[in-house]
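The values are calculated or read from the model by the stated rules, or taken from the named source; none is laboratory data. These numbers were taken from a predicted model, which means no experiment stands behind them. Ideal geometry is used to build each Cβ from the backbone, glycine not excepted, and the neighbour counts take in all protein chains shown. Heavy atoms of the whole protein, side chains included, go into the accessibility calculation; ligands, DNA and RNA do not. Shrake-Rupley method; radii C 1.70, N 1.55, O 1.52, S 1.80 Å.
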Amino acid sequence: REENIEAVAEGVLRLYILQDKRLDRATLIGKLLQLDDAPSQPELEGIIDTCKDVFVSAARGGLTAADFETSLQGEQVEEALASAYLAVWRRQESKIHEEMSRRSFWGTRLKRFSWRVDITTKSRHIDDLNEPCALVELELSSSSSLSSSPSTAHTSSADETSSKERVLRFEMDRHTLAEMQAQCSRISALIESA
């Protein structure tokens, strides 16, 4: 019975939180009905909905495994259910956090950052030869999901993620690099204090 609860929890998490495109509600119910001692379909659908509510609430709250365990105790969830939910949550915690972060970010993000230092040895436009400069390359990725809710993510083959990428290349001398470092330090301090 506990393996069945864990199978339900795993399936619900994959479907509604991780949005596994290979899984839909009908497939999940079909697989779960094949388990030993499986409940009837209406009963199973109720269990799935309850499990979904628990996981969606925890994922939206950004709960760690410890926070999730405390939450389950506070909601007075039956011990067998809480144990199964928690086991699945612990196994998938990093994937859950990654997926929720991905869904909550709508703008352009830095995909890759590369750089090298060059020294100009000969130029007719630059007076200061042998001055090092950093050549910086930023690869930006802008993702927009065509599907906004987990319940509709599995209903159409048109539900895919489109992505646009841009590459920015620029040079930075010592002065510009120092300015950028100061600004990044300020940003870091603000993030740390938030």
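So the values come out like this:
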item: Tensor-based shape of segment 51-135 (alpha-carbon gyration tensor, a/c under 1.5 rounded, otherwise prolate or oblate); result: prolate
item: Cβ-derived FRET efficiency at R0 22 Å, Ala134 paired with Ile191, nearest 0.05; result: 0.40
item: Solvent accessible area, Å² - Lys111, 1.4 Å probe, full protein context; result: 120 Å²
item: Accessible area (Å², per residue) of segment 1-84, counting only protein heavy atoms and a probe of 1.4 Å; result: 56 Å²
item: Trp106, Trp89, ranked by accessible area, largest first (probe 1.4 Å); result: Trp106, Trp89
item: Carbon/sulfur fraction of accessible area - segment 1-54, other protein chains in place, 1.4 Å, %; result: 47 percent
item: Sum of side-chain charges, Asp49 neighbourhood, beta-carbon under 13 Å (Lys, Arg +1; Asp, Glu -1); result: -1
item: Estimated FRET transfer efficiency when R0 is 22 angstrom, pair Met172-Phe105 (beta carbons, to 0.05); result: 0.25
item: Protein-only accessible surface order, largest first, of Leu13, Leu35 at 1.4 Å; result: Leu35, Leu13
item: Solvent-accessible area of Phe55 with every protein chain in place, 1.4 Å probe, in Å² to the nearest 10; result: 0 Å²
item: Accessible surface, 1.4 Å probe, highest first, among residues Ser193, Ser83; result: Ser193, Ser83
item: Charge context of Gly61, other residues only, Cβ under 15 angstrom, K/R +1, D/E -1; result: -3
item: Shape category assigned to segment 1-53 from the gyration tensor of Cα positions, a/c cut at 1.5; result: prolate
